[in-house]
1. Could you grab the pairs with beta carbons closer than 9 Å, sequence gap of 6+ or different chains, first residue in segment 42-59 and under 10 Å from ILE26 (Cα atoms) and in a helix (DSSP H, G or I), second one open to solvent by 30 Å² or more (accessible area, probe 1.4 Å) and among the β-branched types (Val, Ile, Thr)?
2. Report, by residue number, each residue of segment 71-81 that is open to solvent by 50 Å² or more (accessible area, probe 1.4 Å) and under 19 Å from SER33 (Cα atoms).
3. Give me the residue from segment 60-85 that is part of a loop (DSSP other than H, G, I, E, B) and more than 12 Å from the chain's Cα centre (by Cα) and, out of that set, nearest to ASN17 (Cα to Cα).
4. Could you run through segment 7-40 and say how many residues are in a strand (DSSP E or B), open to solvent by 30 Å² or more (accessible area, probe 1.4 Å) and farther than 18 Å from LYS74 by Cβ?
5. Considering only residues of segment 41-70 that are touching a Ser or Thr at 6+ places or on another chain (Cβ under 8 Å) and surrounded by fewer than 20 Cβ atoms within 10 Å (Cβ to Cβ), which is farthest from CYS15 (Cα to Cα)?
Amino acid sequence: MRHNITVENIKCGGCMNSIKTALMKINGVENVSIDKDTESVTIDATVEKIILINALSKMGYPEKGNNDLLKKAKSYVSCAIGKIN
């Protein structure tokens, strides 16, 4: 099943790397593609969409319209980790 999720806080390749790495660790996720310009994440997976939304939110990339200061801060940490890896 293909899930399309529009998120907040994708700023660069570091963000994209962190998102892809984390989502690929979830059992049932087969492919992840990210469009930075539209802040959309497309995931081919056999898991429920809510599991993917929760994983993204924990990293600081909440679904569009659900952003707050804590999630913005988490996204900067995730971004930095993505740049290192």
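The values are calculated or read from the model by the stated rules, or taken from the named source; none is laboratory data. Note that this is a predicted model, so its numbers are computed, not measured. Positions of Cβ are backbone-derived with ideal geometry, glycine not excepted, and every protein chain shown enters the neighbour counts. Calculation scope for accessible area: heavy atoms of the full protein, side chains included, ligands and nucleic acids excluded. Shrake-Rupley method; radii C 1.70, N 1.55, O 1.52, S 1.80 Å.
1. If the second residue must be open to solvent by 30 Å² or more (accessible area, probe 1.4 Å) and among the β-branched types (Val, Ile, Thr), the pairs left are ILE51/ILE26; LEU52/ILE26; ALA55/ILE26.
2. Residue satisfying the conditions is ILE81 alone.
3. Once the filter is applied, the top-ranked residue is ASN85.
4. At the first step, the residues of segment 7-40 found to be in a strand (DSSP E or B) are 7, 29-35, 40.
In the following step, the residues that additionally are open to solvent by 30 Å² or more (accessible area, probe 1.4 Å) were identified as 30-31, 33-35.
After this cut, where a residue has to be farther than 18 Å from LYS74 by Cβ as well, the list is 30-31, 33, 35.
Qualifying residue count, segment 7-40: 4.
5. Applying the filter and picking the extreme gives ASN66.
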